Structure formats: structure tokens, C-alpha cells
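See structure below.
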Amino acid sequence: MKIKTKLRLGFGFLFVVVIFFGAISLFYMNKISLSSKVILKDNYETLNYTSNMRAVLDEHPLPLSESAKKSFENYLELEGKNVTEKGEGEAVAALRKAYESIKSPAVSLVEKQGAVTTLRSALRLIDKLNMDAIVGKNDAAQKAIEKAAMYVIFAASICFLILFSFIVNFPGFVANPLREFSEAIREISRKNYKQRLEFKGSDEFSELAISFNTMAQELNKWENSNLSKIQSEKLRIEAIIEQMQDAIIGLNEKKEILFFNKVAGELLNLSGEAVVGQNAEALMKKNDLLNRILQDQQSDKAMKIYADNKESYFQLERREITVPNYEGQSDVAMNQTAKAAGEVYILKNITQFKELDEAKTNFIATVSHELKTPISSIKMSLKLMDDERVGAMNVEQKELVQHIREDCGRLLKITSELLDLAQVETGNLQLNFVKSDPRKIAIYAMDSVRFQAEQKNIELELISRNNLPKINVDVEKTAWVLVNFLSNALRYSSEKSKVQIQIIEKGEEIEFSVRDFGKGIEEIYQKRLFDKYFQVPTDGNNKSGSGLGLAISKDFIEAESGKIWVESALGEGSKFCFSLPIAP
């Protein structure tokens, strides 16, 4: 039976109960009404007739007049038609007989008076019969009312019990299956695919239960097939991780070790099988190298670890694992979010590259050092050639000497930059920190390039206030950075323009900036400006340097705990900046 049919039958049953109770109530109310009508109509009319006949006798002396006779006969006739009680008919007959005696002219006055007495006696008998009937009918009506009330109350009680039982039980007909469905769906959400529903009948709930059981069965099959597939994929991934040449450590969101390959075990002197599943924070307390790896913030700096019977270098990479999260989302798949599922730490052995890099750096340092001495000698010889005491030179010779001098200066600058770079890369950079006035550093740098600025008629403008807080820096290295900024600004500025040097206090730092009003630098090149050997493509009008100046400047400033950056836009010039902390 369908749910709709059951609901119709249920509400139809309620309708029948209401109709039944209404019919019983109407029946007994009608019965009480009829009983009341009997009491008020027949007996009351009889008493009214006898009263009127008695009034005729009282108001008219014997012999009765014609009008009195006519009135008396009228009431007598009505009473004769309204006989309702037992014995009332005989009393009416006696009443007629006595009246006939009173009406007859042959009867004497004395006999008529005796007939009046008989007539009054008959009237009293009729009154008594009707009064007794009224009392009896009244008692019967009371009993009928009480009986009707009892039946109505009984019917009302039965209807109340039926309706109460219906109210209590009927909602469960819909609510109980829905609750079972809700609990079953909750179990499915907990991946309990063995959950089943059993409903007897042929209604919609039974059909829905069959569909639900089919769905659960298919999910169970899918889960079982998926588990084997996942297990196979897990073993394959573990085999791949185990065969990799890099040390790999995987943690879940609870900081428990998920995988730990052979290379990581050899590096940390731990057994992979023994540590998998253990809490990483507990193992960190027992293993200093593991603590260093998990606590170290990922950076470009290589980690030095003793491995393969020598000091080796490793690059640490930390990657967060995220998985799709569908919990608490709507049924729209595109609303999915990602949640963290753990971390992977990878230690790449870069010892070979580090050794090659060190060899390159040592070679550059050696070559630069060896080149610096002969270049300086050449510059000294060129200076002597300018002396008239050695001999006079013609115009062409002077031009050749000037070109040689410029090339020697450029070569000397490149070799100096290469030596500085070698110091930074080998970690041999020596810094002499002193508390210094930022303005004095800027003025020193401006004086170094003033001759170059005057040759191009470029104005050098210093913007700063007096009494700036001092900074704890290496004056020579900081001034070198400013000179490098100014040299680049002068190189890419047109004649009769201006270069601004600004020094401002920002929070706990002093910010230096050098701004030119040249053509600017495209945004695609700005991120690589501080990379080694990178040069912005030029139109050929400006001679490019070695591509090391800004890279060395970055190393110098970061070694002094500062920050360096550039701000530029095409057509608006460039602004190179660095900031250094204020001395405590």
C-alpha cells in the first residue's frame, strides 16, 4: 500500500470518528428535545382546558347561559381530543355525563348542583392524572438526559482514546522510517558500507530501502576493490621512494613518520622500519640531526653534514602535502577546499656541485688576483707616459693611451668585483662594523663619483635631515654599494639631468635610495637584477659591466642584516634602495 493511500485512510478514519461522535450527540440531543416537547405540549394543554372549564363554572351561575355553555363545550371538545393518559378517557366520559345533566332542562336545580360536584370531581381527576403524568415524564426525561449524557461521555472518551492513540502512533509511521534512513546514511558517511535497511511492505519506504541497500552494496564492492588498488599503489610508491638517491622523510598531520627511505636511515643512523609510525617530535629529542632538519627553516643555504666519510653538503626542501577537503561543503564539487595532510622533507646531496662551485670560485679568485697586479702596472705605465719628461705624444697617441687607460680601469673594476664575489662565496667576507652617520657615508660615496657626474653635467642631490640615528655597518662596504648605485645611475642618465640620493628614517631602519630619471627598467628584468652575471639588455649606447655589481651589493647588505630592492617603471627612471637597522 502506498504512503499516500495510508495517509488518506488515516485521515478518513479521523473523519469517520468525528462523524460518529457528532451523530451520537445529535441523536441524544434530539431525544431529549422530543421528551421536553411531550411534557410541555399535551399535559399543559389538558391542564389549561380543565382550568378554563372550571372558570366557566365559577363565573356563571346555574342554569348556564348560552355563551357559557358554548365556551364550556368548546373546551370539553378540545379535551376530548387531547386524552393522553391512562384513566383520562373515563374521567372525560364522566365529565361529559355530568355536563349533560347540568345542561338538560328536565333536571332539577338540586340535581344540577350534584352534577356540578361530580363535574368538578372529574376535572380534579383529570388534573391529577396530567400532573402525575408531568411528574412521571419529567423523571423519565431526567433519566433519559442522564443516560444520553452518559452515552455521549462514553462516546467522547472512546473517540478521545482513539484520537490520542492516532496522534501518538500515526506520526511514527512516517518519522520512524525517516529516522532509520538518517541513521543508515550516517553510517554510510562513516564508511560503514555493510549497513542495510529492512522494510516490509510495498510502499515508497520499502522501495527506497531496496535502492539504499543496492547503493550500499555497490559502495562496499567499490571500497573493497579500491583498497586493493590503493594498497598496490602504496607499495609501488614506497618502492620508488626507497630507490631514490635523496634522503626523504614523510610526516602526517599528527607529526608521525609515514615513510623513511634507506638513504635517510643511513644519513641519520636510524632504521626506517623502526621509526615508521613513531612520533617525530619524540625522535627529535634523541637525534640532533633529525631535530636540525625538522626545525630548520627552508632556505637557499646548504646544510653541512658528515656523510660518505667526508663533509658533505645537502640542500633541504620542505613541502607541505595538501589533499582535497569535501567536509562541510555543499553538493557543488567546485567548492572543495584543501587541507594539510602532512609534510615531506627532502635532503638533496649537492656535495659534487658544491665542490665544483668552490673550485670555480677559487679559480676566479686566483685569476683575478693574478690579473690585478699586471693591470695596476699597466695603469702606472700609462700614467708615466702622460709625463712630458718621458717624451711628448701626438694627438693620436694620446687617444690610444686614453682608450688603454679606460680599458684597464674597467678590467681592474671587474677583477675587484670577482675578488669580492669570491670572498662572499667562500665565506671569507670580513666586515668591520662601526657606528656611523648615514649622511657621511652618502657624502663619501657622492665624492667618489662627482668627477664622473661633472663630465656629464649631472647634478647630485642629497635629500636627508641632520641628526639621523647612527647605523652599525661596515662603512667601506656600504659606501661601495652606494657608489655602485650612483655609477649605474650616472651611466643610464642623460646629460644635464639629476640623480637624487635620499636618506630617511623608517621605524627601526635607515633607508638609502638612489634615483635616476632615465628610461627605467622593464618589470620582467627587475626580479633578476640582483642575480650574478645578469645584465639588462641595452641598446648599445651604454657599456655594460660584468653583471656582478648588484649581486655583490646584495651580499654586502644582507651580510649587514639589511634589505635591498629596486623600484622602476618605463619612462619614469629607476630607484635602487637598501635599508639597514639602526644601531642600538
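A short reminder: the numbers here are calculations on the coordinates, not readings from a lab. Note that this is a predicted model, so its numbers are computed, not measured. Here the Cβ is made from the backbone with ideal geometry for all residues, glycine too, and neighbour counts use every protein chain on show.
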Fill in the blank from the handout: In nanometres, the difference between 0.36 nm per residue of separation and the alpha-carbon distance of V323 and I524 is 69.0 nm
Fill in the blank from the handout: Counting only backbone N atoms under 15 Å from a point 7 Å out along Cα-to-Cβ of E567, the residues of the stretch 489-528 in range are 500-507, 510-517, 521
Completion exercise
So the FRET efficiency between I230 and R8, C-beta based with R0 = 45 Å and rounded to 0.05, is 0.30
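Sort 570-576, 274-280 for me by packing, meaning the mean count of neighbouring Cβ atoms within 10 Å per residue, highest on top. It would help to have the intermediate numbers written out before the result.
Details: 570-576: 17.7, 274-280: 15.6.
The peptides rank, most packed first, as 570-576, 274-280.
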Problem - Additional length obtainable on full extension of the chain from I240 to D437, 0.36 nm per residue less Cα span - result: 65.0 nm
Problem - Residue pairs, from the table K221/K255; K191/K234; K234/K304; K234/K301, whose Cα atoms sit over 23 Å apart - result: K221/K255; K234/K304; K234/K301
Handout entry: Residue list for the stretch 129-147, given a label point 7 angstrom along the Cα-to-Cβ vector of K31 and an amide N cut-off under 14 Å
Key = 140-147
Completion exercise
At R0 = 51 Å the Cβ-Cβ FRET efficiency linking F353 and S464, nearest 0.05, sits at 0.70
Practice task
Return the lysines within reach of K519: Cα separation strictly under 29 angstrom, same-chain partners fewer than 8 residues apart disregarded; answer none if there are no such residues.
Solution key: K413, K456, K477, K496, K498, K506, K527, K532, K543, K554, K563, K575
Fill in the blank from the handout: Phi-derived 3J(HN,Hα) across the stretch 14-24 with the Karplus relation (6.51, -1.76, 1.60, θ = phi - 60°), rounded Hz, x for Gly and Pro, is 4, 5, 5, 4, 5, 4, 4, 5, x, 5, 4
Practice task
May I ask you to compute the full-extension gain from S494 to R292, defined as 0.36 nm times their residue separation minus their alpha-carbon distance, rounded to one decimal in nm?
Solution key: 67.4 nm
